[in-house]
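What follows is a short report on a single structure.
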Amino acid sequence: MATSMRARDGLLLGVALLLAAPGPAACFGQDCRNLEDEPAAADVVTITVRNDTAAVLYVDGGEGCTPRAWQLEQDGKPRKWLRGACEYSCEDVMAGECSCSLDCGDGTVLRLPPGASHSVTWDRSIYVEEDLSLECPAEGCSTQCDRRVVAADASYRVTASASAQCNPGAGPCECEDAESACFVSGRPGDDVVATASMTLVLPDALGDEIVLALK
């Protein structure tokens, strides 16, 4: 009986010591390595924005602190498809690569004359905001990061919007060729004068072109 009690007490002591021992730094209960970016998909969808109005339109160029060149939704929920100028991968913040100018730059504007168009490719990248444990980021970096995942096979709503105004940055909101689309420094105005939406279904849309005709 005494031997049995000593064995039981030893087992309980071992469990207590195990629970009290410090564990490795973790993020959401997992090792930080599990928050690496997923590789971008090889297949892409081409998304073309076209100005079908009689006026010059200005569309966000997809650069700066809060890029919104076009919006992506899944089941009515927004999905981020670009990282902002001051947003970083989880590998970046763990490596200490998180410096950014306070103004994030002027950003860019896509100037679209009547009938002009511009195409971009989407490699199915979606950026998910993660909140790391305090032990994960390097000194001076935030615990928040944006991890890239590949968009799941599903239906997505793509929307583009345009302004009739341009807030210039380093130069005027003009192109060398007034008839062609170009990127200029600045931001589009807050007014929305034209929009376009389309639904794309993955994987059916891979390799296709989705045209957003602004009207």
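The values are calculated or read from the model by the stated rules, or taken from the named source; none is laboratory data. All of these numbers come straight from a predicted model, not from anything done at the bench. Virtual Cβ from ideal backbone geometry, glycine too; neighbours counted across all protein chains shown.
Below are the figures for this structure:
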{"quantity": "Meets criteria (of a type in the set (G, A, S), outside any loop (DSSP other than H, G, I, E, B) and under 29 Å from D43 (Cβ atoms)) for A213", "calculated": "yes"}
{"quantity": "Positions within region 91-123 being of a type in the set (S, T, N, Q) and either at pLDDT 90 or above or surrounded by 15 or more Cβ atoms within 10 Å (Cβ to Cβ) (or both), in sequence order", "calculated": "T108, S117, S119, T121"}
{"quantity": "Residue within region 80-90 that is in a helix (DSSP H, G or I), buried (at least 16 other Cβ atoms within 10 Å of the Cβ) and either among the hydrophobic types (A, V, I, L, M, F, W, C) or touching a helix residue (DSSP H, G or I) at 6+ places or on another chain (Cβ under 7 Å) (or both) present", "calculated": "yes"}
{"quantity": "Top-ranked residue in region 150-179 [being of a type in the set (G, A, S) and surrounded by 14 or more Cβ atoms within 10 Å (Cβ to Cβ); ranked as nearest to V56 (Cα to Cα)]", "calculated": "A164"}
{"quantity": "Residue that is nearest to the chain's Cα centre (by Cα) [pool: residues in region 181-202 that are exposed (fewer than 13 other Cβ atoms within 10 Å of the Cβ) and not β-branched (V, I, T)]", "calculated": "D190"}
{"quantity": "Within region 43-63, considering residues that are touching a residue at least 60 places away in the same chain (Cβ under 8 Å) and not in a strand (DSSP E or B), the one surrounded by the most Cβ atoms within 10 Å (Cβ to Cβ)", "calculated": "G61"}
{"quantity": "Test result for C141, in a loop (DSSP other than H, G, I, E, B), of a type outside the set (V, I, T), touching a Phe, Trp or Tyr at 6+ places or on another chain (Cβ under 8 Å) and within 30 Å of S89 (Cα to Cα)", "calculated": "yes"}
{"quantity": "Test: residue in region 20-35 that is more than 28 Å from P168 (Cα to Cα), modelled with pLDDT of 75 or more and surrounded by 10 or more Cβ atoms within 10 Å (Cβ to Cβ)", "calculated": "yes"}
{"quantity": "Selection count where residues are in contact (Cβ under 8 Å) with a residue 60 or more places away in the chain and assigned to a loop (DSSP other than H, G, I, E, B), scope region 153-182", "calculated": "12"}
{"quantity": "One residue from T108, T143 being in contact (Cβ under 8 Å) with a residue 12 or more places away in the chain, over 15 Å from L35 (Cβ atoms) and among the polar types (S, T, N, Q)", "calculated": "T108"}
{"quantity": "Unmet requirement for T143, which otherwise passes all of (1) closer than 26 Å to S99 by Cα; (2) buried (at least 16 other Cβ atoms within 10 Å of the Cβ)", "calculated": "(2)"}
{"quantity": "Single residue of E73, E135 found to be within 18 Å of T195 (Cβ to Cβ) and among the charged types (D, E, K, R)", "calculated": "E73"}
